[in-house]
Amino acid sequence: MRTLLAFLLATSLLAAAEPCRVNVVDRDNRWPVPLVELQTTGSQRFVSDNAGVIAIDSPDLMNRESWFSVVGHGYEVKADGFGYRGVKLTPVPGKTLTVEVTRTNIAKRIGRLTGGGLFAEARKCGLEKDWIDGPIVGCDSVQMATLGNKRFWLWGDTTLAGYPLGIFDASAATTPLQPWTKLEPPLKPKYDYFTTDKGKPRGVAKMPGSGPTWIFGMAVVPDPKAVPVLVGTYMKVRNHLEVYEYGQCVWNEPKAEFYKERVIWTKGKDGDKPPPLPTGHPAPWTDEAGKEWLLFGNPLPNLQCPATLAGWEDPKQWKVLKPQAELLDPDGKKVVPHSGSIAWHPWRKKWVTVFMEKFGKPSAFGELWYAESDSPFGPWGVAVKVLTHANYTFYNPRVHAELATKDSPTLLFEGTYTAEFAKDPPPTARYNYNQILYRLDLDDPRLAKARK
């Protein structure tokens with residue numbers, strides 16, 4: 001009898017320790033939806049991972065019907081009579097529940113690209129057992145270029161698990177040319193990070209001077225012998241956001257690091273404002289005479305540079321451009337771009353842009369727009385909002401036209417999801433200060449007013 005009682009007790013404790021699995025799915029396409037929060041009336045917060053899974057393991061919630069508010073940055077459930085948007089769930093150990101959400105964004109959230117715990121909730125439920133997270137916790141804005149037969153990825157300030165101070169001179173990694181097997185959730189990004197001899201991620205741009213080193217305008221250009229060279233524009237930063245030096249840097253393949261090519265501007269010595277520089281995200285363009293150029297901008301082109309190493313090195317060959325200062329939404333209201341990128345889209349046979357609005361609503365730096373043009377220099381047509389955030393920032397979006405299937409209406413873009421510059425929101429666990437990938441289907445009827 002004692003043996004039976006001990007067995008029953010152990011079985012009961014084991015069952016109690018097993019979480020309740022909640023699958024968050026898009027009502028329209030049944031895709032799993034990452035970054036959806038369930039919040040209890042007692043302020044407990046649970047966030048879906050890249051598999052759209054939430055593991056509820058709080059003992060006080062088990063076997064009790066509870067209200068969970070649903071917060072999803074463009075994914076929601078129907079409001080009740082009091083205006084509350086949420087669901088009633090009764091978590092049971094080992095049981096699987098489903099929460100259906102309706103997508104109000106035009107952009108579809110594919111998943112988080114960086115940071116730890118991409119499948120943490122699913123693994124609590126016994127899923128994705130073979131998944132291994134990368135070595136970083138969070139990272140700032142992305143730059144990406146194609147170098148040889150690989151994609152080269154670079155990020156700004158990077159958070160690590162071992163100490164609050166992480167990498168402040170750019171982290172980097174490579175992937176195959178096609179880094180993902182499919183363009184829908186669950187997203188399983190795998191980067192080959194540049195690391196130390198001990199296998200820890202390291203900085204790849206240790207430029208002299210105090211403060212972080214940030215690199216923008218990263219591109220690949222041929223040298224006089226037609227050998228591709230990875231280049232970029234670096235900036236040195238102090239006092240949080242004060243840039244005091246700009247210069248150019250070149251990738252040293254044997255050492256796997258950037259080295260300083262030259263200083264272009266030093267604050268004070270060369271005035272208070274830097275000259276036009278090849279920063280932002282470059283887009284390749286060929287003029288009517290067949291000459292190849294790189295168009296640098298953030299988001300719209302503000303500098304034109306020959307697509308060669310010699311042209312990139314010589315400011316006398318650069319052409320300063322005046323980008324369109326504002327676009328109009330479908331109602332004729334002005335939209336001021338703040339950061340983003342452009343690309344040629346073969347399916348649309350148009351130049352396209354995804355950009356963050358300056359001082360948008362409801363989030364000052366979390367509203368994303370899409371627009372098209374026949375020329376990379378504009379004029380840009382009607383802008384349509386494709387992504388919104390509730391008091392959260394999503395900046396420096398990078399269009400990935402090169403990663404979508406050719407002759408397909410799909411357009412991918414990613415950006416930095418962060419509580420920075422918002423009105424003191426609680427940071428979203430694991431997601432905060434990381435890159436999130438979205439997908440636009442350019443044949444979506446809601447984009448009709450943007451299609452010229």
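The values are calculated or read from the model by the stated rules, or taken from the named source; none is laboratory data. Everything quoted here is computed from the prediction, not taken from an experiment. For neighbour counting, all protein chains shown are included, and Cβ atoms are generated from backbone atoms with ideal geometry for every residue, glycine included. These area figures cover heavy atoms from the full protein model, side chains too; ligands, DNA and RNA do not enter into them. Shrake-Rupley method; radii C 1.70, N 1.55, O 1.52, S 1.80 Å.
Of note:
- Degrees, to the nearest 10: 2-17 long Cα axis against longest axis of the chain: 30
- Between region 86-106 and region 107-151, the Cα center-to-center distance that results, in Å: 23
- Alpha-carbon Debye profile of region 307-409, log10 I(q)/I(0) at 0.12, 0.13, 0.15, 0.25 Å⁻¹: -0.47, -0.55, -0.70, -1.29
- Between K88 and N29, the C-beta separation translates, for a Förster distance of 30 Å, into a calculated FRET efficiency of about 0.75.
- Taking every lysine pair in region 335-422 that is 8 or more places apart or spans two chains, those with Cα atoms closer than 26 Å amount to 8.
- Solvent-free Debye scattering, log10 I(q)/I(0), computed from the Cα coordinates of region 159-246 at q = 0.20, 0.23, 0.26 Å⁻¹: -1.12, -1.19, -1.25
- Lys pairs, region 95-214 - Cα-Cα below 19 angstrom, 8 or more residues apart or on other chains: 13
- Ligands, DNA and RNA are left out, and with a 1.4 angstrom probe the accessible area of region 120-164 is 46 Å² per residue.
- CD proxy at 222 nm, helix term only [per DSSP H run n ≥ 4: -39500 (n - 2.57); per residue of the chain; nearest 500]: -1500 deg cm²/dmol
- Under 5 Å, built H, 5+ apart or other chain: amide partners of A383: L328, D329
- Pairwise centroid distance, computed over Cα atoms, of region 30-53 with region 297-343, Å: 38
- Under 20 Å from the Cα of K291 - aspartates and glutamates, other chains or at least 8 residues apart: D223, E313, D314, D374
- Over all directions, the projected convex hull of the C-alpha atoms in region 117-206 averages 7.1 nm² in area.
- Normalised by 2.2 N^0.38 Å, with N the number of residues, the alpha-carbon radius of gyration of region 1-160 equals 1.27.
- A straight Cα-to-Cα reach below 18 Å connects K319 with the aspartates and glutamates D287, E288, E292, residues fewer than 8 places away in its own chain not being considered.
- Share of pairwise Cα separations in the chain, more than 40 Å, in percent: 23
- Average projection area in nm² (convex hull over Cα atoms of region 381-452, one quarter of hull surface): 5.9
- Protection proxy ranking, highest mean first, for peptides 216-226, 174-184: 216-226, 174-184, where packing is the per-residue count of other beta-carbon atoms within 10 Å, averaged.
- Packing order of peptides 64-70, 418-424, 277-283, 429-435, highest average first: 277-283, 429-435, 64-70, 418-424 (average count of other Cβ atoms within 10 Å over each peptide's residues).
- Carbon + sulfur, % of accessible area of region 332-452 - ligands and nucleic acids excluded, 1.4 Å: 56
- Percent carbon-and-sulfur accessible area, region 168-255, ignoring ligands, DNA and RNA, probe 1.4 Å: 55
- Computed E for D270/R451 - FRET, C-beta separation, R0 51 angstrom, nearest 0.05: 0.70
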